[in-house]
Each structure stands twice: as C-alpha cells, then as structure tokens.
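Participant: Encoded as structure tokens, here's the structure I'll be asking about.
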Amino acid sequence: MNQPLTPRIRSRCARSTLFAVLAVAVLFFSAGCEPFDVEIPEQMIELESEDHRQFLAMTHDGVVVRARVIRQGEFRGESPRASHEFWVDALRERMRISGGYALLEERDVQSNNGHDGTRLEFGRDQDNRSHSYWLTLFVTDSNIHIIEAGGRQDRFERAQDSVKQLLSSYDVRR
C-alpha cells in the first residue's frame, strides 16, 4: 500500500518553512552583531572588505580612512584587556617611536552614539612632502575601535570635512 502524499508534503513544507525562518533570523541577528556602523560621505567610496570587523574608504585623490575592531581579552591572538588611557598611551608612543610621527594635537571626542574616545592628530614629513594622520580610539569592555585617517597633507586638508563627517557618524555597537 502506498502512503498518502499529504504527510510527506507537510514534512517538506515544514522543513522549508523552518529553514526560511532560521535564515531570516540569522540575517536579522547578524546585522545587529556588527561591532560598528558608519556612513560614507559622498566624497568617498567604500572599498570591499570580507571582514565585518574592518572598514575601508577613500577619496578620489588617495586620502584613506580605515576602521578596525580588535577584540580585548585574555585569549591567544587577542589584545590584553586594558583601559582607554592605556591604549591611547600605547598608540601615542608607537606612532612617535616606530612611525616617526609628531603628535600635533590630542582631543576628546564622542562617537555618534555617545561613547567617549580620543583623537590623536599626527604629522610627518616623508619624501619631501608633509603627511597628516589621525587616529581615533574608542575602547569598550569587549573591543578596541581604531579609526585611522591619513594622506598627503594638502590632500588631507581638502578632504578634512569628509573625514570629520565620517568620524562623526561612527557608532560603537560593542
């Protein structure tokens, strides 16, 4: 005897429905799991990145903005857990000693959604040209957010409003 088709169809239908619900749930929840959000000004384009913890954009004449998130923690390959002040000091020294940059200004900033941070503004002469380089830092319990912006000084000055617009749109999510 043949079994009726109805139970098997219901089973396939149930599996398909369950799969669709799970797929929507994964998309919904993964969208909210990004560690940051940022808006790209019209004067910049976003470059592709497969890593959801990194963002890269640039102007037509080579001013680049990169945001990356580094996990804080005790595990191998992660940065040790430390305070905001510790990371500001570490970046300031690294840029001065290893990078040859001069600190021009340090200022307190806030992300678009109210997280306190610090922006370090550096300068450096290279190949008879001046370069500007900004590091903006936000530290949460779980992540270190580093937003870098840089380029030749003349080009950076022209793009500075776009860089500031992008930085002011940065949302720290975790």
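The values are calculated or read from the model by the stated rules, or taken from the named source; none is laboratory data. Remember, it's a predicted structure, so these values are computed and weren't measured experimentally. Positions of Cβ are backbone-derived with ideal geometry, glycine not excepted, and every protein chain shown enters the neighbour counts.
Participant: In contact with a strand residue (DSSP E or B) (Cβ under 8 Å, 6 or more places away or on another chain), more than 26 Å from Ser49 (Cα to Cα), surrounded by 12 or more Cβ atoms within 10 Å (Cβ to Cβ) and at pLDDT 95 or above: is that true of Leu120 in this structure?
Facilitator: no
Participant: I'd like the full set of residues that are in a strand (DSSP E or B) and surrounded by fewer than 17 Cβ atoms within 10 Å (Cβ to Cβ), limited to the stretch 125-138.
Facilitator: Within the stretch 125-138, Asp125, Gln126, Arg129, Ser130 meet the criteria.
Participant: Which of the following residues is surrounded by 10 or more Cβ atoms within 10 Å (Cβ to Cβ), at pLDDT 60 or above and out of contact with any Gly (no Cβ under 7 Å at 6 or more places or on another chain): Glu85, Glu42, Glu48?
Facilitator: Glu85
Participant: Pick from the stretch 135-174 the residues that are of a type in the set (Asp, Glu) and more than 12 Å from Val64 (Cα to Cα): which of them is modelled with the lowest pLDDT? Before you say what the answer is, go through the steps one by one.
Facilitator: Step one: filter the stretch 135-174 for residues of a type in the set (Asp, Glu), giving 141, 148, 154, 157, 161, 171.
When the remaining residues are screened for being more than 12 Å from Val64 (Cα to Cα), the result is 141, 154, 157, 161, 171.
Values: Asp141: 87, Asp154: 96, Glu157: 96, Asp161: 95, Asp171: 90.
Across the stretch 135-174, the extreme among qualifying residues is Asp141.
Participant: Looking only at the stretch 96-122, how many residues end up being outside any strand (DSSP E or B) and within 13 Å of His84 (Cβ to Cβ)?
Facilitator: 2
Participant: While we're here: Among the residues of the stretch 135-154, is any under 21 Å from Val38 (Cβ atoms), free of Cβ contacts under 8 Å to residues at least 60 places away in the same chain, among the aromatic types (Phe, Trp, Tyr) and touching a Leu at 6+ places or on another chain (Cβ under 9 Å)?
Facilitator: no
Participant: Being surrounded by 15 or more Cβ atoms within 10 Å (Cβ to Cβ) and either touching a Ser or Thr at 6+ places or on another chain (Cβ under 9 Å) or more than 20 Å from Phe55 (Cβ to Cβ) (or both) is true for just one of Ile97, Ile147. Which residue is that? Give the derivation first.
Facilitator: Values: Ile97 fails: surrounded by 15 or more Cβ atoms within 10 Å (Cβ to Cβ).
Criteria check complete, one pass: Ile147.
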